[in-house]
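Student: Dumping the structure here so I can ask a few things about it.
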Amino acid sequence: MALWDRLKESASTMQTQLIAKKNDLKSGAFRDSSMAMCALVAAADGTVDPPERQRVAQLIATDEVLQNFPADDLRRRFEDNLDKLTADFDFGKVSVMQEIAKAKKKPAEARAVVQIGIVIGGADGDFDKDEQAVIREACYALDLPPHEFGL
């Protein structure tokens, strides 16, 4: 099985797991962490192109788990994190990682944040090295072993 096929299958499995945990994923920490993760993955290669913004907007609008929160609020949080990263990636990344780390007190939320990052990273059919690297860093911020997610 090709790497991308495994990643697609893994992302699909992760999405199913997220939906199963939907009722446990209602905290402000999860909301903040997941939007920070989306921004980090979208900006992982140093630029954010319109299709990346569109993928996150689509996720916000359609993802069952994220429907626990108002879409406008999620979009604003995503854009705020993205603004930090595009203004100065290295400096912004420190702030965004702090947002991601908010979920580490609850392992189920922390895992869900990583899973959302993987779903976003693979949404365009190319889960590239930059995206994998920032998700790996987020795993460390959340006290999770990256190998648990195949990273």
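Student: Could you sort out which of 26/129; 26/105; 105/129 sit more than 25 Å apart by Cα distance in this structure?
Tutor: Exceeds cut-off: 26/129; 105/129.
Student: Which ³J(HN,Hα) values, rounded to whole Hz and listed in residue order, are derived for segment 31-38 from phi using the Karplus coefficients 6.51, -1.76 and 1.60 in 6.51 cos²θ - 1.76 cosθ + 1.60 with θ = phi - 60°, glycine and proline given as x?
Tutor: 4, 5, 5, 5, 6, 5, 4, 4
Student: Right, another one. Are there any chymotrypsin sites (Phe, Trp or Tyr not before Pro) in segment 75-146 that are in a DSSP loop and have at most 12 other Cβ atoms within 10 Å? List them by number.
Tutor: Working: sites: 78, 89, 91, 127, 140; in loops: 127.
When the chymotrypsin sites (Phe, Trp or Tyr not before Pro) of segment 75-146 are filtered for loop state and at most 12 Cβ neighbours within 10 Å, nothing remains.
Student: For residue 88, what accessible surface area do you get with a 1.4 Å probe? Give it in Å², rounded to 10.
Tutor: For residue 88, the solvent-accessible surface is approximately 80 Å².
Student: Amide H of residue 43 versus every other amide H placed in the peptide plane: which residues, excluding those fewer than 5 positions away on the same chain, fall under 5 Å?
Tutor: Answer set, sorted by chain and number: none.
Student: Can you tell me the relative contact order of segment 44-151? Whole percent, Cα pairs under 8 Å, sequence separation 6 or more.
Tutor: Details: 71 pairs, mean separation 26.5, N = 108.
About 25 percent, as a whole number.
Student: Short version: ³J(HN,Hα) in whole Hz for each residue of segment 110-124, in order, from phi by Karplus 6.51 cos²θ - 1.76 cosθ + 1.60 (θ = phi - 60°), x for Gly and Pro, what are they?
Tutor: 4, 5, 5, 5, 5, 4, 4, x, 5, 4, 5, x, x, 4, 8
Student: Is the shape of segment 74-134 rounded, prolate or oblate, going by the alpha carbon gyration tensor and its root eigenvalues a ≥ b ≥ c, with a/c under 1.5 for rounded and a/b larger than b/c for prolate? It would help to have the intermediate numbers written out before the result.
Tutor: On the way: a/c = 1.59, a/b = 1.05, b/c = 1.51.
Here segment 74-134 falls in the oblate category.
The values are calculated or read from the model by the stated rules, or taken from the named source; none is laboratory data. Because the structure is predicted, anything quoted here is derived from the model rather than measured. Neighbour counts run over all protein chains shown; Cβ positions are idealised from the backbone, glycine included. Areas reflect the complete protein model, heavy atoms only, side chains present, ligands, DNA and RNA absent. Shrake-Rupley method; radii C 1.70, N 1.55, O 1.52, S 1.80 Å.
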